[in-house]
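**Student:** What follows is a single structure, and I will ask about it in a moment.
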Amino acid sequence: MNIKTKKKNFDGFVKLETSGEIKEFFISEDFLNPKDAKVSVCFRGKDSSGIINFSVNEIEKMYKEVWPKINEFRNVKVMKFKK
């Protein structure tokens, strides 16, 4: 997994990049407020680690946009020809 982010600093913007392997997923849910549930993705790399928090709406939006595109690529076959 690669993460790229941009942060505003006192002298401008700083671009940060890190990579790592996803280690765990956590779902934090409040039974009284189910719409406030959070999905946490925990990752760890050689020199970095972190947690990315998503709301349920963000996860649903990613799923709806990404899943149809993944299914399109599953049916693609690459053909190689010799000259």
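Values in this text are rule-based calculations from the coordinates and carry no lab data. From a predicted model like this one, the values you see are computed outputs, not experimental measurements. Note: ideal-geometry Cβ built from the backbone for every residue, glycine included; neighbour counts use all protein chains shown.
**Student:** Confirm whether residue 72 is in a strand (DSSP E or B), surrounded by fewer than 10 Cβ atoms within 10 Å (Cβ to Cβ) and either of a type in the set (Asp, Glu) or out of contact with any strand residue (DSSP E or B) (no Cβ under 8 Å at 6 or more places or on another chain) (or both). Before you say what the answer is, go through the steps one by one.
**Tutor:** Numbers: in a strand (DSSP E or B): no; surrounded by fewer than 10 Cβ atoms within 10 Å (Cβ to Cβ): yes; either of a type in the set (Asp, Glu) or out of contact with any strand residue (DSSP E or B) (no Cβ under 8 Å at 6 or more places or on another chain) (or both): yes.
No; evaluated as a whole, the condition is false for this residue.
**Student:** Another question about this same structure. Please enumerate the residues belonging to the stretch 31-40 that are of a type outside the set (Val, Ile, Thr) and either surrounded by 13 or more Cβ atoms within 10 Å (Cβ to Cβ) or within 18 Å of residue 60 (Cβ to Cβ) (or both). Break it down stepwise before answering.
**Tutor:** Step one: list which residues in the stretch 31-40 are of a type outside the set (Val, Ile, Thr), which gives 31-38, 40.
Those that are of a type outside the set (Val, Ile, Thr) and either surrounded by 13 or more Cβ atoms within 10 Å (Cβ to Cβ) or within 18 Å of residue 60 (Cβ to Cβ) (or both): 33, 34, 35, 36, 37, 38, 40.
**Student:** Being of a type outside the set (A, V, I, L, M, F, W, C) and part of a helix (DSSP H, G or I) is the filter here, so list the residues in the stretch 42-69 that pass it. Give the steps one after another, and end with the answer.
**Tutor:** Step one: list which residues in the stretch 42-69 are of a type outside the set (A, V, I, L, M, F, W, C), which gives 44-50, 53, 55, 57-58, 60-61, 63-65, 68-69.
The answer is 57, 58, 60, 61, 63, 64, 65, 68, 69.
**Student:** When the residues of the stretch 1-24 are narrowed to those that are loosely packed, with under 10 Cβ neighbours inside 10 Å and among the hydrophobic types (A, V, I, L, M, F, W, C), which ends up farthest from residue 57 (Cα to Cα)?
**Tutor:** Filtering the stretch 1-24 for residues that are loosely packed, with under 10 Cβ neighbours inside 10 Å and among the hydrophobic types (A, V, I, L, M, F, W, C), the one farthest from residue 57 (Cα to Cα) comes out as 10.
**Student:** Within the stretch 48-63, does at least one residue satisfy the condition of being loosely packed, with under 10 Cβ neighbours inside 10 Å and either touching a Cys at 6+ places or on another chain (Cβ under 7 Å) or at negative phi (or both)? Don't jump to the end; show me each part of the working.
**Tutor:** First pass over the stretch 48-63, keeping only residues loosely packed, with under 10 Cβ neighbours inside 10 Å: none.
No - not one qualifying residue is present in the stretch 48-63.
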